[in-house]
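**Student:** There's a structure below that I have some questions on.
The values are calculated or read from the model by the stated rules, or taken from the named source; none is laboratory data. From a predicted model like this one, the values you see are computed outputs, not experimental measurements. A quick note on method: Cβ atoms are made from the backbone with ideal geometry, for glycine too, and the neighbour counts reach across all protein chains shown.
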Amino acid sequence: MQSIIDEIARDMMAIENKGEVASYIPQLAKVDPNQFAISVALTNGEVYQAGCADTLFSIQSISKVFTLTLALGKLGDNIWHRVGREPSGDPFNSIVQLEHEHGKPRNPFINAGAITIADLIMQGHAPKEVLAEILHFIRYVADDDSIAIDEKVAHSELKTGARNASLAHFMASFGHFENPVEKVLGTYFHHCSIAMNTTNLAKAGLFLANNGVNPVTGYTVVSAQRAKRINALMLMCGHYDGSGEFAFRVGLPGKSGVGGGILAVAPGKASIGVWSPGLDKIGNSKLGTMALELLANKTGWSIFGKE
Ligand code: GLN
């Protein structure tokens, strides 16, 4: 495994066009695109890493996997009254489908869906309290108490978050929201601004690779059924309108973020964190996807079969 990922990291660093960093969040536009990291946590507890696997980056939409897990823990299948579980086929920040479906987002991973999930987990509590709970959960699954929110990124998102504010107010116009829109947005922007490294991410996804149980700590995080369902949602919706392409090329449940990170799950085998800040046109990490494609091919981990 170490030699496989060393080779992948070398190949990725040699690629000249690493994609464009997200510029609509000014703080993310400052990140050097010339970086790559990969960490693989096997279900037997071994962790392998290559590239700058200790460098912290903004996990952005990868946080939606953890808030979805929390929402399911609090409310179970009741969440499906507020959010669907179908791929959207539209960009992550799209508003169009909300009008046709009475403010019910297609899935928990597009922005509208994740903002709805933030509303659901708040249950009348202050953003501060809910964020403490989200952080506590991520620290617990990643087994790292140093994980924190990058306040600069959160502030940057808040200042330039007109599109997300529009989505939230539009959904609220259907009368669905239980909490004040500004507080829901504050919660959403802050959980997107959590900073982690690829090893944190790989460890945090292990429960999804191991039927809901973290194989290192032995803790049952979710039931096997829930882990399986979260993986299904990641496969179908985790890369927005690029989810089909990701399944086609990589063949693993995965969740991307505009910070350039991707969490991928090889059920029964491993959880993988990759990061390279340059994005493709859809907003998914260009080299991150390429690296996962290479890894899946070299290991035969695609859930669809070997090459
Ligand atoms: N915080 C980002 C946003 O709301 C998350 C988007 C993403 O990572 N795709 O736009």
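**Student:** All but one of (1) assigned to a loop (DSSP other than H, G, I, E, B); (2) of a type outside the set (S, T, N, Q); (3) farther than 19 Å from residue 60 by Cβ hold for residue 129; which doesn't?
**Tutor:** Unmet condition: (1).
**Student:** What's the total number of residues in region 144-165 that are surrounded by 15 or more Cβ atoms within 10 Å (Cβ to Cβ) and either in a helix (DSSP H, G or I) or more than 10 Å from the ligand (Cβ to nearest atom) (or both)?
**Tutor:** Count: 12.
**Student:** Inspect region 150-169 for any residue being at pLDDT 95 or above and farther than 25 Å from residue 22 by Cβ and give the result as yes or no.
**Tutor:** no
**Student:** Can you give me the number of residues within region 260-305 that are closer than 21 Å to residue 213 by Cα and touching a His at 6+ places or on another chain (Cβ under 6 Å)?
**Tutor:** The number of residues fulfilling the criteria is 0.
**Student:** A follow-up question, please. So which residues in region 61-84 are out of contact with any Ser or Thr (no Cβ under 8 Å at 6 or more places or on another chain) and either over 27 Å from residue 198 (Cα atoms) or of a type in the set (S, T, N, Q) (or both)?
**Tutor:** Of all residues in region 61-84, those out of contact with any Ser or Thr (no Cβ under 8 Å at 6 or more places or on another chain) come to 63-81, 84.
Within region 61-84, 63, 67, 69, 74, 75, 76, 77, 78, 79, 80, 81, 84 qualify.
**Student:** Hey, another quick one. In region 124-143, which residues are without any contact (Cβ under 8 Å) to a residue 12 or more places away in the chain, over 14 Å from residue 195 (Cα atoms) and either within 16 Å of the ligand (Cβ to nearest atom) or of a type in the set (Lys, Arg) (or both)?
**Tutor:** 128, the sole residue that qualifies.
**Student:** Determine the pairs where a residue that is without any contact (Cβ under 8 Å) to a residue 40 or more places away in the chain, located within region 94-115, has a partner that is surrounded by 19 or more Cβ atoms within 10 Å (Cβ to Cβ) with Cβ atoms under 6 Å apart, the partner being 6 or more residues away or on another chain.
**Tutor:** Close Cβ pairs (under 6 Å, with a partner that is surrounded by 19 or more Cβ atoms within 10 Å (Cβ to Cβ)) amount to 97/106.
**Student:** Next question, about the same structure. Which one of 69, 116 is away from the ligand (no atom under 16 Å from the Cβ), outside the structural domain of residue 238 (by TED's automatic domain parsing), within 21 Å of residue 187 (Cβ to Cβ) and touching a helix residue (DSSP H, G or I) at 6+ places or on another chain (Cβ under 7 Å)?
**Tutor:** 69
**Student:** Now a separate question. Can you tell me which condition residue 257 does not meet? The list is (1) free of Cβ contacts under 8 Å to residues at least 24 places away in the same chain; (2) under 23 Å from residue 110 (Cβ atoms), and all the others hold.
**Tutor:** Evaluating residue 257 over (1) free of Cβ contacts under 8 Å to residues at least 24 places away in the same chain; (2) under 23 Å from residue 110 (Cβ atoms) leaves (1) as the failure.
**Student:** Return yes or no: is residue 98 within 13 Å of residue 121 (Cα to Cα), in the same structural domain as residue 148 (by TED's automatic domain parsing) and modelled with pLDDT of 95 or more?
**Tutor:** No.
**Student:** Using beta carbons and a limit of 8 Å, which pairs, at least six apart or on different chains, have the first residue in region 47-62 and charged (D, E, K, R) and the second one assigned to a helix (DSSP H, G or I) and more than 8 Å from the ligand (Cβ to nearest atom)?
**Tutor:** 54/199
**Student:** A further question on this structure: Those residues that are closer than 12 Å to residue 226 by Cβ and acidic (Asp, Glu), I need them from region 65-86; list them, please.
**Tutor:** Matches in region 65-86: 77 only.
**Student:** Can you say whether residue 204 is under 24 Å from residue 120 (Cβ atoms), under 12 Å from the mean Cα position of the chain (by Cα), away from the ligand (no atom under 13 Å from the Cβ) and surrounded by 22 or more Cβ atoms within 10 Å (Cβ to Cβ), as far as the supplied structure shows?
**Tutor:** Numbers: under 24 Å from residue 120 (Cβ atoms): yes; under 12 Å from the mean Cα position of the chain (by Cα): yes; away from the ligand (no atom under 13 Å from the Cβ): yes; surrounded by 22 or more Cβ atoms within 10 Å (Cβ to Cβ): yes.
Yes.
**Student:** So is residue 178 within 15 Å of the ligand (Cβ to nearest atom), surrounded by fewer than 20 Cβ atoms within 10 Å (Cβ to Cβ) and acidic (Asp, Glu) or not? Can you show your working first?
**Tutor:** Working: within 15 Å of the ligand (Cβ to nearest atom): no; surrounded by fewer than 20 Cβ atoms within 10 Å (Cβ to Cβ): yes; acidic (Asp, Glu): yes.
Here the answer is no, as residue 178 does not meet what is asked.
**Student:** If you don't mind, there's one more thing I want to ask. So is residue 23 outside any strand (DSSP E or B) and either assigned by TED's automatic domain parsing to the domain that holds residue 139 or over 19 Å from the mean Cα position of the chain (by Cα) (or both) or not?
**Tutor:** It is false that residue 23 is outside any strand (DSSP E or B) and either assigned by TED's automatic domain parsing to the domain that holds residue 139 or over 19 Å from the mean Cα position of the chain (by Cα) (or both).
**Student:** Continuing with this model, one more query. Does region 47-60 contain any residue that is touching a helix residue (DSSP H, G or I) at 6+ places or on another chain (Cβ under 9 Å), in a helix (DSSP H, G or I) and either under 26 Å from residue 152 (Cα atoms) or modelled with pLDDT of 95 or more (or both)? First the steps, then the outcome.
**Tutor:** Residues of region 47-60 that are touching a helix residue (DSSP H, G or I) at 6+ places or on another chain (Cβ under 9 Å), as a first pass: 47-60.
When the remaining residues are screened for being in a helix (DSSP H, G or I), the result is 60.
Filter once more, keeping what is either under 26 Å from residue 152 (Cα atoms) or modelled with pLDDT of 95 or more (or both): 60.
Within region 47-60 (the criterion being touching a helix residue (DSSP H, G or I) at 6+ places or on another chain (Cβ under 9 Å), in a helix (DSSP H, G or I) and either under 26 Å from residue 152 (Cα atoms) or modelled with pLDDT of 95 or more (or both)), the answer is yes, since at least one residue qualifies.
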